[in-house]
Each structure stands twice: as C-alpha cells, then as structure tokens.
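Below is one structure, written out as structure tokens, with a few remarks after it.
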Amino acid sequence: MPTRIRFLGVAGYEISGPAFRVLIDPFLSGSPSAPCTHEDLDRPDVILVTHAAYDHLGDAAEIAIRTKAPIVCGGDVRLILLERGVPEEQIQATIWGVVVRVGGVVVRPVECHHWSMGRLSGGPVTGTPLAFIVETEPGVRVYHYGDTAIFDMRLFGELYGPTVGIFGCTDPIELPSEGPGELLTGEMDADEAAYAAEMLAVDVAIAAHYLSPTRAVADFLERVPARDTTGRRIALAPAVGETVVVETRAGGVAGWIGEQTCRQA
C-alpha cells in the first residue's frame, strides 16, 4: 500500500501509510471548502497540531473526543485542548527536538519560524509553533511546515532526509491585521517555498495553505522546478479533497494526484 496524503484544505492533511494514519491540522467545520465533516473521518492513530491558529487547531478537539485518538502539540495548544474537554491522558505536549512515539507513530517536531497564539476562557495564551517530520514507511518521510517563514533548513535535509514536503506558499486566508496597517504576505511566498523544498532536498513538494487554486499556487508549481538542482523534484498542488499518492522508486520517491477520496459535504 503506498502512502496517501489527502488534502483537507488550508494546511490540513490526512496521511495514510501501510501501518498507521496521521491527521495534521484538521480545519473542517469552519472551512467554506471542507470536503467532509470531522465526523466523516476515521480514527487516526495520532493527531498533530502545529499551532493554535483557528485554521490549524480546527476540529482537533472534537475529533480526539469522538475517536479517543491521541494528540501531539505544543504546550499552549495542550491548555486549549484541555479546556475544550480533551482528556489529559490523550495529549502529549512537545517542542522542537523532543521526538515522541505516540499511537505507534514516531513524531519528530522541528523548528518553525512562526507564532502560536490562542485563547483560553481567562485570556490569550501563547506558545511555540511546530513543524513535523513523520515516516510513513521505509523511504517515505513527510515534512509538514507548520506555517513557518523561510530560514535555513538545510540541516533538516541532511540529518533527517525528508522525501515529501508540504509547504505553505500563499497569502493569508481571511486574516485581518489586529494592529495598524494590513498583512501583505503569507509565511512563505511561492519562491521561498520552492527554495525550502530545495534546502530540504525533497523528491515531492506539495503546496499548502489555500482553499482554491490561486496565482501563488500556480507560481509554486513553476518555481519548484526552477529552484530544483536535482532535475527530479515533483511539484503538486491538489484540490481540496484530492489525494497525493506517494510510492518508493529507485533513487527516491514519486508522487501524483490520485483519486478524490473524501465525500463532498
């Protein structure tokens, strides 16, 4: 069984390997383009939450309560989940470099240049945003960017060898500035995301942080091969609900957009 990476919208992905299923940043009930409801999802072996933003934390609490699935997250997200009724024994808080095995899945949190800010009943709470690397099968290691800005990621590529990367490449999604002025860009633009794929040396680069195709997504598909020094990197931008199928091949991994597997809401 090849690894399947189903796009749920924004930065939400359901990653299914031969032995386990991982759910990352499941933003569904608040999304106008959600391909399914959170009740439609099968029980994951583990839920990963990169940070406390509403479009990343999403329905993690509801899914965990319904399915009894464990969650790996930062300390601030843990407090929010506890307040929303997730049992303490289902939550594993972590931070960059503290590798954990939860639900049979080895989860490696890595550095993420972003912020994590949520709200408890008593006021705001802040914490450390996370990016993640998980290995779904021998030779397939998936990096999820966690809304990071661009920085030098070459060390991750050299040490951990991710083969598939998920990269945000678009402008903010309906996110007004809370101070004076306006937000002009997302965490990485298309060219920065393509450069991140080059630094990590992934074989397959998948676009993220959108609900429908935009000019930035098209730019990502153009910039990934332009930045590629290997001549073999594949750039993909699935529609919400579509699945990227990844399989190992000689010299690396290959991926393509496969069937639409999530029922339309």
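Of the chymotrypsin sites (Phe, Trp or Tyr not before Pro) in the range 34-127, the ones in a loop by DSSP (not H, G, I, E or B) with at most 15 other beta carbons within 10 Å are TRP96, TRP115. Per residue, the convex hull spanned by the Cα atoms of the range 3-260 amounts to 117 cubic angstrom.
Taking θ as phi - 60° and the Karplus parameters 6.51, -1.76 and 1.60, the scalar couplings of the range 220-233 work out to 4, 5, 7, 7, 4, x, 5, 8, 6, 9, 8, x, 10, 5 Hz in sequence order, x denoting glycine and proline. Remark: the range 27-36, residue by residue, has Karplus-estimated 3J(HN,Hα) of 8, 10, 5, x, 9, x, 10, 4, x, 6 Hz, where x stands for each Gly or Pro and the curve is 6.51 cos²θ - 1.76 cosθ + 1.60 at θ = phi - 60°.
The H on the amide N of VAL102, modeled in the peptide plane, is under 5 Å from the matching H of VAL107, each at least 5 residues off or on a different chain. Give the residue from GLY186, PHE20, TYR210 lying farthest towards the positive end of the charge dipole for the range 3-260; charges sit on Cβ (+1 for Lys and Arg, -1 for Asp and Glu) and the dipole is referred to the Cα centre. Farthest towards the positive pole: PHE20.
In percent, rounded to a whole number, the relative contact order of the range 3-260 is 16, using alpha-carbon pairs under 8 Å and six or more apart.
Between ALA149 and LEU120, 0.36 nm times their residue separation minus their Cα-Cα distance comes to what? Walk me through the numbers before you get to the answer.
Numbers: separation 29, 0.36 × 29 = 10.44 nm, distance 2.60 nm.
Additional length available on full extension: 7.8 nm.
3J(HN,Hα) along the range 89-104, derived from phi through the Karplus expression 6.51 cos²θ - 1.76 cosθ + 1.60 where θ = phi - 60°, amounts to 5, 8, 10, 10, 7, 8, 7, 3, x, 8, 7, 10, 10, 9, x, x Hz, with x in place of Gly and Pro.
Per residue, how much space in cubic angstrom lies within the convex hull of the C-alpha atoms of the range 152-227? Intermediate values should be presented prior to the final figure.
On the way: hull volume 7.6 nm³, N = 76.
Taking only Cα atoms, the range 152-227 has a hull volume of 100 Å³ per residue.
Between THR67, THR50, THR136, the Cα set farthest toward the positive side of the dipole of the range 3-260 (charges on each charged residue's Cβ, about the Cα centre) is that of THR136.
Please list, ordered by chain and number, the residues whose modelled amide H lies under 5 Å from the amide H of VAL46; skip anything fewer than 5 residues away on the same chain. Amide H neighbours of VAL46: ARG21, LEU23.
Annotation: amide H of VAL244 within the under-5 Å range of ILE5, ARG6, PHE7, GLY258, sequence separation 5 or more or interchain, hydrogens built in the peptide plane.
Read-outs: derived from the displayed coordinates by stated rules, not from any lab. Predicted model only: the values in this text are computed from it and were never measured. Glycine gets a Cβ as well: all are built from the backbone with ideal geometry, and neighbour counts include every protein chain shown.
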